[in-house]
Amino acid sequence: MGFHINALYSPWRENWHALAQDWHAANKEGNPEKLKAFINLRLGETWEEQGDSIEAVFGDPGQEHVWNELDSFLLSTWEHASGQKVKITCTMIDSGGLHTDSVYRFVRARQHRKIFALKGSSESGKEILGKFSVNNQYRVKLWLIGTDTAKDRIFARMKIPGPGPGYMHLPDFAEDEYLAQLTSEKAVRRYRRGKGTVREYLKTRARNEALDLEVYALAALYVLGQAAIRKLGELAAALRVPPTDPPVGGSGGQQGGSGGSPGRPGGGSSWVQGWR
């Protein structure tokens, strides 16, 4: 059995003074290693690098402030290990459930940022990305996703034992719970009246959000198109190149004030390779 406990619970008060000094010194120096050591070893908490977590927006999707918070997050940038800034390239939002209208209203004004609504279909044999429809009150693009086909692709790639085409790379910060959710369904064959024997995915545990996220991410990649998919390796290689400082008095090679999209990363926006 193991456990961790915050050092502030120590019964020796003089230890608090030492902790305060350590904390002040680490912050004053701006030393991330000392800060990490203090958080991990003194407070007994987990240190998270920027981007080293799966973000969640909590609240009722029927409330406007929840969507505003999501919008702010989707405008965020992250720093790659190379130093380049990375933004979200495409976002897919499930329109199923009780808040379909809220999803449509949110994406309507943001489709130019590649923020789209999706609807999943568990029908066997459906292509991962079907044609979009605008047959809705808000005339927004609604992408149809073959969820079972996407899950087939994801599970097949999880079986690839080593790096190479199709290999599924997972970040170091993926915890056991995420992995349990990622593998939380299995394909079975069942008899359905009027349809005969069908193949479908069933949950093996209650929480399966990680698998849903992987399906949405794969769909987003397909929305970007085959041209973008073919360039993934090139984009990933460019992203690994450290950014260069703009010339003194210049603006990174742009003349005037209208060149380029503000805040857009210069070397691509995806770390995935080999997804076809």
(message) Just to check, using Stokes-Einstein with a Kirkwood Rh over alpha carbon pairs, what's the diffusion coefficient of segment 175-252 at 4 °C and 1.567 mPa s in µm²/s?
(response) 77
(request) Tabulate in residue order the Karplus-calculated ³J(HN,Hα) for segment 122-133, using 6.51 cos²θ - 1.76 cosθ + 1.60 with θ = phi - 60°, rounded to whole Hz; enter x for Gly and Pro. (result) 8, 5, 4, x, 5, 5, 4, 10, x, 6, 7, 10
(request) Search the structure for amide H atoms under 5 Å from the amide H of ILE93, placed 1.01 Å from N in the peptide plane, and list their residues when 5 or more places away or on another chain. (result) PHE116, ALA117, LEU118
(request) Sum up the charges of everything whose Cβ sits under 14 Å from the Cβ of VAL188, counting Lys and Arg as +1 and Asp and Glu as -1, but leave VAL188 out. (result) +3
(message) Taking 0.36 nm per residue of sequence separation and subtracting the Cα-Cα distance, how much length would be gained by fully extending the chain between HIS17 and VAL188, in nm to one decimal?
(response) 55.6 nm
(request) Would you mind estimating how fast segment 132-200 diffuses translationally, via Stokes-Einstein at 10 °C and 1.306 mPa s with the Kirkwood radius over Cα pairs, in µm²/s? (result) 103
(message) Not counting ligands, DNA or RNA, and with a 1.4 Å probe, what is ILE154's accessible surface area in Å² rounded to the nearest 10?
(response) 0
(message) If you roll a 1.4 angstrom probe over the protein chains with everything in place, what fraction of the accessible area of segment 53-109 belongs to carbon and sulfur, to the nearest %?
(response) 52
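Given a 1.4 angstrom probe, what's the average accessible area per residue across segment 62-136, in square angstrom? Spell out each step's value before the answer.
On the way: 4330 Å² over 75 residues.
Computed with neighbouring chains in place, this is 58 Å² per residue.
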(request) State the extension gain, in nm to one decimal, for the chain segment bounded by ALA156 and ARG113, taking 0.36 nm per residue of separation less the distance between their alpha-carbons. (result) 12.4 nm
(message) Can you tell me the length gained on complete extension of the stretch SER121 to ALA37, counting 0.36 nm per residue apart and subtracting the Cα distance?
(response) 25.6 nm
(request) Could you check the simple spin-label distance between ASP245 and ALA206, using points 7 Å along Cα→Cβ, in nm with one decimal? (result) 5.5
(request) First check a/c for segment 64-146, with a ≥ b ≥ c the square roots of the eigenvalues of its C-alpha gyration tensor; if it is under 1.5, answer rounded, and if not, answer prolate when a/b is larger than b/c or oblate otherwise. (result) oblate
(message) Per residue, how large is the accessible surface of segment 155-246? Use a 1.4 angstrom probe and give square angstrom.
(response) 65
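Any idea what the relative contact order of segment 182-233 is, in percent, if you count C-alpha pairs under 8 Å spaced at least 6 apart?
Relative contact order here is 32 percent.
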(message) I'd like the Karplus ³J(HN,Hα) series for segment 77-94: coefficients 6.51, -1.76, 1.60, θ = phi - 60°, whole numbers in Hz, and an x wherever there's a Gly or Pro.
(response) 10, 10, 9, 6, 4, 6, x, 6, 8, 10, 10, 6, 8, 8, 10, 10, 10, 5
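The values are calculated or read from the model by the stated rules, or taken from the named source; none is laboratory data. Because the structure is predicted, anything quoted here is derived from the model rather than measured. Cβ atoms come from the backbone with ideal geometry, glycine included; neighbour counts cover every protein chain shown. Protein only, heavy atoms only, side chains kept; ligands, DNA and RNA dropped before computing areas. Shrake-Rupley method; radii C 1.70, N 1.55, O 1.52, S 1.80 Å.
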